[in-house]
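Accompanying notes for the structure given below.
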Amino acid sequence: MSDVKYRRVMLKLSGEALAGEQGFGINPPVIRKVAEELKEIQEMGVEVAIVVGGGNMWRGEAGAAMGMERAQADYIGMLGTVMNALALQDNLESVGVPTRVQTAIEMRQIAEPYIRRKAVRHLEKGRVVIFAAGTGSPYFSTDTTSALRAAEINADVILMAKNGVDGVYSADPQKDDSATKFEELTHLDIINKNLQVMDTTASTLSMDNDIPLVVFNLNEPGNIKKVVLGEAIGTTVRGK
């Protein structure tokens, strides 16, 4: 535990990361690999909280673009995050990691309602806590949820796991060959350069609460462990 740089982490998992190369739905081998990597750091004594997105199931912006009321479309997306959270919980518990899902929208038959003190207590007892259903309100992304929950639980860092992208670039590296990678930035740089790592609300929350962010490639085995040990991978975004 003495070698660990971050003792309480907020892992932001996109829904697309759980879909893997198939791009939609849940890819069982991918989610199993994530569970095994999380087990490794949990056994090192790292307290792990997770916010999972729902883009592999549904995107509120896409529904709104098709003429659906934006708030309604966002609520559908929140339910997608709950599906992902339950799938991740099942995989974590199948490898022996005690896990609790807390939802911002109450659905007591399948998960606990979000209660900050209870979440912190779970973390202290070595349980992984997965926060689902976003903030419970439309118009807020799961990026904002990760920044908000990280502040509430006093997380040391937000770990943003990307699907195939190994950090923050000046442009989309998959579309622009001239894109250059940043090793270190501040949240203010993210906002001023419009780098779209997180939405502006999430970046502002992280900056105001001095929470660092590490953006890294989830597809590279062992990267989650490397980040919590403080190895220089991906891009580090300083709190201030």
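Laid out as a table, the results:
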quantity	calculated
Region 8-238 - share of DSSP beta bridges that are antiparallel (%, nearest 5)	15 percent
Sequence-distant aspartates and glutamates (8 or more away, or on other chains) whose Cα lies within less than 14 Å of LYS225	ASP3, GLU36, GLU37, GLU40, GLU43, GLU47
Virtual spin-label span in nm between ARG117 and GLU231, 7 Å along Cα→Cβ	4.0 nm
Residue-averaged 222 nm ellipticity for the chain, from DSSP H runs of 4+ at -39500 (n - 2.57), nearest 500	-11500 deg cm²/dmol
The chain: most fluctuating residue of THR201, THR180, THR145 per GNM, C-alpha cutoff 10 Å	THR180
Kirkwood-based shape ratio for the chain, expressed as Rg/Rh from alpha carbons	0.94
Helix runs (DSSP H) in the chain reaching 20 Å along axis by Cα, Kyte-Doolittle at least -1.0	28-43, 70-94
For the chain, size of Cβ-based charge dipole, Lys and Arg +1, Asp and Glu -1, in debye	700 debye
Mean Cβ neighbour count within 10 Å, used as a protection proxy, ranking 61-70, 94-103 highest first	94-103, 61-70
29 Å Cα-Cα threshold exceeded, pairs from LYS39/LYS118; LYS39/LYS193; LYS5/LYS125	LYS39/LYS193
Simple label model, 7 Å out from Cα along Cβ direction - SER178 to GLU36, nm	4.2 nm
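Only the coordinates and a few stated rules stand behind these numbers; no lab work does. Not measured: the values here are computed from a predicted model. Positions of Cβ are backbone-derived with ideal geometry, glycine not excepted, and every protein chain shown enters the neighbour counts.
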